[in-house]
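Worksheet: the structure to be examined is printed underneath.
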Amino acid sequence: MNPLEQRLSYAFGDALPAPGETMEVAPGVRWIRMALPFALDHINLWLLRDSFGGRDGWTVVDCCISRDEARAQWERVFDTQLQGLPIVRVIVTHMHPDHIGLAWWLCERWDAPLWISATDFNAARVASQSTTGFGGAAAAEFFASHGLTDPDSVEKIRARANYYPSMVPHVPARFRRLMDGERVAIGGRAWRCIGGHGHAPEHISLACEEMGVLISGDMLLPRISTNVSVYDVEPESNPLQLFLASIDRFRSLPEDTLVLPSHGKPFRGLHERVRQLHDHHDDRLRDVMEACTQAPRSAADILPVLFKRELDLHQTTFAMGESVAHLHALWYEGRLTRARGEDGVWRFYSAEGRDSSQAGGATSDRQK
Ligand SMILES: [Zn+2]
């Protein structure tokens, strides 16, 4: 456990639900943990006892990626954990593959509707039918414009055009829209939707104040910081500012709320964790600012400042998105200016007391 984690309290210690089994974490709320074939090797999914559309059963929150191993694990859950009841509704917190991948299959198999934010529904539909955001030519070009120019990496990113559809082959054709502030009745209790930005386009967390439970999705994780990236489809976004403003919304919930995150273990210490994430990003922004005050830097130049460990290509693409996000936060604040060099690479430099001729050429582009 790292020192920051020690300031949180894990509600169930090291207990984890076994594959294909569930663990009750609050009345009528059961935890499923499924394996993922990535460095982040698992995802938490939730089963909520419900009565919906005239049927007694279970509402599922999040689905895992579309692959045989996940379906087999779901089948074991269906056989042994549902008390003979059906899945009556599928809620998805956001469009990332580990959350929405199997929604099409769950909805079809149980004739259950998909509930999700409109933005993430549409983003998932687009991403599952095209090459966007996670690989392919547009991503390679975007990363190259931020300094990731070595031909081997560019070629591998270009070749990874099928990345999202390989884990999300289909998205249901219809959905029911979830919106920030809406109260959804699940199992006779009100769950409040809390919209969040900066990680996914329109992430929905669900808070049940009556039970003191928050299904935080990826917006609040106990051990790792949520990925906050700029993607090629929205190359001028400022996701870090959006993310930090979004997690502040959780402060309206009590500190002893039981937080059910998508990765890691259920914990208490919500306000402490929000503070930790602010501190973490403030530290990184300070390091980035310092580096850009010494000389103009591209996002690729900043990677060793932000990430002290060796990164493989997959991690490098995520890290590049994060690096651009940190530069953009400072750029939108007016603390950095950027200029595009003759090599086509964006470099960012301190806006204070620096003559733009030091920026390596071309036109400078002040945000404010
Ligand atoms: Zn996510």
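The values are calculated or read from the model by the stated rules, or taken from the named source; none is laboratory data. Just so you know, these numbers come straight off a predicted model, no measurement behind them. Neighbour counts run over all protein chains shown; Cβ positions are idealised from the backbone, glycine included. Accessible surface is based on the protein model in full, side chains and every heavy atom, while ligands, DNA and RNA are left aside. Shrake-Rupley method; radii C 1.70, N 1.55, O 1.52, S 1.80 Å.
Tabulated values for the structure
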quantity: DSSP-defined antiparallel bridges as percent of all bridges, the chain, nearest 5; calculated: 75
quantity: Antiparallel bridges, percent of DSSP beta bridges restricted to region 49-197 (to nearest 5); calculated: 50
quantity: Apportionment of accessible area to carbon and sulfur, the chain, percent (1.4 Å); calculated: 49
quantity: Length gained when the stretch Arg76-Glu236 is fully extended (0.36 nm per residue, less Cα-Cα span); calculated: 53.2 nm
quantity: Value of Rg/Rh across region 276-349 [Cα atoms, Kirkwood radius]; calculated: 0.96
quantity: Inter-part distance where region 132-208 and region 225-298 are each reduced to a Cα centre, Å; calculated: 17
quantity: Residue-by-residue Karplus 3J(HN,Hα) for region 276-290, coefficients 6.51, -1.76, 1.60, Hz, glycine and proline x; calculated: 4, 5, 4, 4, 4, 6, 4, 4, 5, 5, 5, 5, 5, 4, 4
quantity: Ranked by how many other beta carbons lie within 10 Å on average, peptides 186-196, 149-159 from highest; calculated: 186-196, 149-159
quantity: Whole-number percent relative contact order across region 213-321, with pairs defined as alpha carbons under 8 Å at least 6 apart; calculated: 29
quantity: Around Ser229: net Lys/Arg minus Asp/Glu count, Cβ-Cβ under 15 Å; calculated: -4
quantity: Loop-resident sites, region 295-353, for trypsin sites (Lys or Arg not before Pro), counting at most 16 other Cβ within 10 Å (DSSP); calculated: Lys308, Arg309
quantity: Per-residue [θ]222 nm for the chain (sum of -39500 (n - 2.57) over DSSP H runs n ≥ 4, rounded to 500); calculated: -10500 deg cm²/dmol
quantity: Quotient of C-alpha Rg and 2.2 N^0.38 Å, computed over region 157-217; calculated: 1.49
quantity: Pair Asn122, Asp152: separation of 7 Å Cα→Cβ label points (nm); calculated: 4.1
quantity: Spherically averaged projected area in nm², based on the convex hull that wraps the Cα atoms of the chain; calculated: 18.0
quantity: Segment Ala18-Arg309, length gained on full extension (0.36 nm per residue, minus Cα span); calculated: 101.6 nm
quantity: Heavy-atom accessible area per residue - the chain, 1.4 Å, Å²; calculated: 41
quantity: Paired Rg and Dmax values of region 167-311, which use every Cα atom, in angstrom; calculated: 17.5, 59
quantity: The chain, relative contact order [Cα under 8 Å, separation at least 6], %; calculated: 14
